[in-house]
1. Would you say residue 265 is without any contact (Cβ under 8 Å) to a residue 40 or more places away in the chain, open to solvent by less than 20 Å² (accessible area, probe 1.4 Å), in contact with a strand residue (DSSP E or B) (Cβ under 9 Å, 6 or more places away or on another chain) and away from the ligand (no atom under 16 Å from the Cβ)?
2. Within segment 133-164, take every residue that is within 15 Å of residue 116 (Cβ to Cβ) and surrounded by 22 or more Cβ atoms within 10 Å (Cβ to Cβ) and give me the one that is nearest to the ligand (Cβ to nearest atom).
3. Of the conditions (1) in contact with a strand residue (DSSP E or B) (Cβ under 8 Å, 6 or more places away or on another chain); (2) more than 21 Å from residue 301 (Cα to Cα); (3) in contact (Cβ under 8 Å) with a residue 24 or more places away in the chain, residue 338 fails just one. Which one is it?
4. Scanning for something touching a Lys or Arg at 6+ places or on another chain (Cβ under 6 Å) and touching a residue at least 24 places away in the same chain (Cβ under 8 Å), does segment 361-384 turn up at least one residue?
5. Among 249, 260, which is aliphatic (A, V, I, L, M), open to solvent by less than 20 Å² (accessible area, probe 1.4 Å) and at pLDDT below 95?
6. If I ask for residues that are open to solvent by less than 30 Å² (accessible area, probe 1.4 Å) and touching a His at 6+ places or on another chain (Cβ under 9 Å), which ones from segment 402-420 would you list?
7. Of all residues in segment 49-83, which are hydrophobic (A, V, I, L, M, F, W, C) and without any contact (Cβ under 8 Å) to a residue 24 or more places away in the chain?
8. I'm trying to understand the selection: among the residues of segment 347-390, which are open to solvent by 60 Å² or more (accessible area, probe 1.4 Å), more than 16 Å from the ligand (Cβ to nearest atom) and closer than 30 Å to residue 149 by Cα?
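The values are calculated or read from the model by the stated rules, or taken from the named source; none is laboratory data. Since the model is a prediction, treat every value here as computed from it, not as a measurement. Note: ideal-geometry Cβ built from the backbone for every residue, glycine included; neighbour counts use all protein chains shown. Side chains are part of the model used for accessible areas, which takes the heavy atoms of the whole protein and leaves out ligands, DNA and RNA. Shrake-Rupley method; radii C 1.70, N 1.55, O 1.52, S 1.80 Å.
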Amino acid sequence: MSHQAKNWWESSSRDELHHRQGELLRHFLKNRVVPFAAYYRKLFADHDLSADDIQSTDDLTKLPFTSKRHFENPKDFVIIPDEDVLKHQWSTIKRAITRGPTRAKIELEEELRPILLTSTTGRSSAPVPFLYTKHDLHQLEVGGRRMMELCQSDPAWRHINAFPFAPHLAFWQAHYASLGYNAFMVASGGGKTMGTEGNIRLIDKIDPDAIIAMPTFLYHLLQEGAAAGSRWKNLKRLVLGGEKVPAGMRRKLRDLCTEMGAPQVAIMSTYGFTEAKVAWTECMAPAGAEPSGFHTYPDMGFVEIIDPESGERVPDHHPGEIVITHLDSRGTIVLRYRTGDLIDGGLSHEPCPYCGRRCPRLIGKISRVSDIQRLNIGKLKGTLVDFNRLENLLDDTDNLGAWQMEIRKRNDDPLESDILIVHAVAMTDDQEQLRDAVNERFRSVTEFSPNEIVFHSWDKMRKMQGVGKELKEKKVVDHRPKET
Ligand SMILES: [Zn+2]
């Protein structure tokens, strides 16, 4: 093992983890959540539960799940202390005695006053705000430092943060990673702020060791940079976030880096979502080896994997939906939050084969529960279509630059059958061959092939996807008229 494990989040046995997480959870529920977060205070009361009824992470199953649809009043998920209750808590009294009343007051304000907001992107529902206090920003910094360590960055390296300037976890996580690691980082703001050319010029000048960005935007940057004659020979890491990264995309990014004089680049994918208030990364895998999964932080959150149908927990290494419970957050908090994300290799408590860390790892591919849609394609009424699988398939197709899948109704008639159009950029002159390849690949995994494959220029595709402008690139669009 190359890594000298020191902290409990990365070195604890499963039993020790269970014990420590239970301790954090008890303190969190008793002193912060049940007294001060309105939604959970009511939820506990409605289920005739007190904080004491949950002694360990096992007992969490007594609580119903929380999901996005419960966020009608986001404020109800914020820890808003009642001064009088807070004043009489034993932990407050103890703090006042040991730290002095003035210092204790400042510390409590820093722990509890929200000072930053990130938001969900709201592609399908209203955006949900998540508040951070200084306590949370410290965690974002600690989590960020761990990401840098897991990716084997170096504080002396130069980093580019190419996430869009936005109240979005990805941007702030990258920013706080540089603070936590005490490393140089330039934020370009992504495509919207400086444009593709501006980003390329900035990267030319900075000559970074690492770029942190959304995969499609980064792919576009490398493509344009390579075409413009840029050579980014100093590049050692590409860290991808904001959307999932299929194997085919990694291969394409690696090929472009080689073309630009940086064959040594290691590519890591990260996984984060607004409600987790932190992002997780893969560690550095040996060249050519499969990544060993997202390394989670068990001192900040408890991750459980459930059967999305029954809601029951599944054993390690079994696929299921990712559910998160905060253990030590302030501002906006969640317990047993259903992400709607499916992980196909489940959770592992085995030591990581590459870095030896023992933190729980999320293994395999992540897809959205909502990626699976029922379409009426021609005579195939009610066909279940796994868009995640189709996305992987397109990403893995050679000579296919960028793409978008569009669902429409035939003749825009709400009563007609659904049609699927693949829009794509061809990286070859032989468009007919590419069209055949896409059709064939579709038929190998589904019962149908696209109704139409339309080729576009890069510029047009960027506009269609909203590259650099949208927080999530639009890879699947639904243009079916609503039935009236
Ligand atoms: Zn590892």
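1. So residue 265 passes the test.
2. Step by step, filter segment 133-164, then rank; the result is 143.
3. (2)
4. Looking through segment 361-384, at least one residue is touching a Lys or Arg at 6+ places or on another chain (Cβ under 6 Å) and touching a residue at least 24 places away in the same chain (Cβ under 8 Å).
5. Matching residue, one of 249, 260: 249.
6. 402, 403, 404, 405, 406, 407, 409
7. Scanning segment 49-83 gives a single hit, 49.
8. 365, 368, listed by residue number.
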